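Derivation of every value follows stated rules applied to the coordinates shown; laboratory data play no part. Remember, predicted model here, so these are calculated numbers, not experimental data. Cβ placement follows ideal geometry from the backbone for every residue including glycine, while neighbour counts extend to all protein chains displayed.
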Amino acid sequence: EMAYIKLVKNKAYFKRFQVKFRRRREGKTDYYARKRLVVQDKTKYNTPKYRVVVRITNKDVIAQITSATIKGDQVHCAAYAHELPRYGLPVGLTNYSSCYCVGLLLARRWLKVLKLDTKYEGLKTPTGEYYVPEAAADVTRKPFKAFLDVGLARTTTGARVFGVMKGAVDGGLNIPYETRRFPGFDKNKGELKVDTFKQYLVGGHVASYMKHLAEEDEEAFKKQFSRFIANGITADNLAALYGKVHAAIR
């Protein structure tokens, strides 16, 4: 005789089954994180809670200033890596240094809209040190505050989403952050190696790999960095190039 098997997924089960939100079913939105990012205090009534939304695809980096409404999210300002050739960066549009440039571009663009670009200029040159824009004494308006929204991206040490955030902060936006997830953070000492991190902001890590690969395997170097070579970009002039891009964005 066969053992009696209770039918669990019976009619009653299906009648009571509640489907999850569409964007959860599609695996696009982490609602646990989203709730904490968009819910505003009741005492602040209808004040928007702004987010710096960062998404990285294979060929592009997208950064947006958004706020949530009942009808849906509103995008107030956006910056993309595919715009960087306009500012003098033809190749390597999705590396860490380029992500920093996208964040910087977003911050400068949005502060110009708010007419705060002259009040909060941020850091003129990337130092790699912890920095948060302070409210100026002679200014009635505080720095623009937003929160980082990384979506489903893994927040590992060295993740490029934090490069975009650092660019936005250095550009003059007030985004609460810690230095733990920046490249160059020493876990044992609990401190950030500023020089290491700075190299990532100005293309130093790419330059060192270019030198390494050119010595090890000339053919692989020519293949991997063909577009760099075509544009006359070498390991020695890469940092200067990023410096020019930062200046052009400002």
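The table for this structure:
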item	result
For G128, distant residues with modelled amide H under 5 Å away	none
Loop-located trypsin sites (Lys or Arg not before Pro) in region 1-59, at most 11 other Cβ atoms within 10 Å (DSSP)	K6, K9, K20, K28, K59
Computed [θ] at 222 nm, helices only, for the chain once each DSSP H run of length n ≥ 4 contributes -39500 (n - 2.57)	-10500 deg cm²/dmol
Number of Lys pairs (Cα under 18 Å; 8 or more positions apart or on different chains) in region 169-250	4
Exposure rule at most 15 other beta-carbon atoms within 10 Å, DSSP loop chymotrypsin sites (Phe, Trp or Tyr not before Pro): the chain longest free segment	132-250
DSSP loop GluC sites (Glu not before Pro) with at most 13 other Cβ within 10 Å: longest gap in the chain	27-128
Three principal axis lengths of region 1-42 [C-alpha, angstrom, descending]	61, 23, 15
Rounded to 10°, Cα long-axis angle of helix 161-170 versus longest principal axis of the chain	60
Region 192-250 and region 84-151: distance between their alpha carbon centers, rounded to Å	22
Distant-in-sequence amide H partners of G158 (H built 1.01 Å from N, under 5 Å)	F182
Charge dipole (debye, nearest 20) of the chain; +1 at Cβ of Lys and Arg, -1 at Cβ of Asp and Glu	1940
Reachable lysines from K6, criterion Cα separation under 28 angstrom, eight or more residues apart if same chain	K15, K20
Relative contact order of region 76-135, defined on C-alpha pairs under 8 angstrom at six or more residues apart (%)	28
Helix axis angle, 238-249 relative to the chain longest principal axis, alpha carbon, degrees	70
Rel. contact order, % - alpha carbon contacts under 8 angstrom, at least six apart, region 1-83	16
Mean Cα-pair separation over length for the chain, i.e. relative contact order, pairs under 8 Å, 6 or more apart, %	19
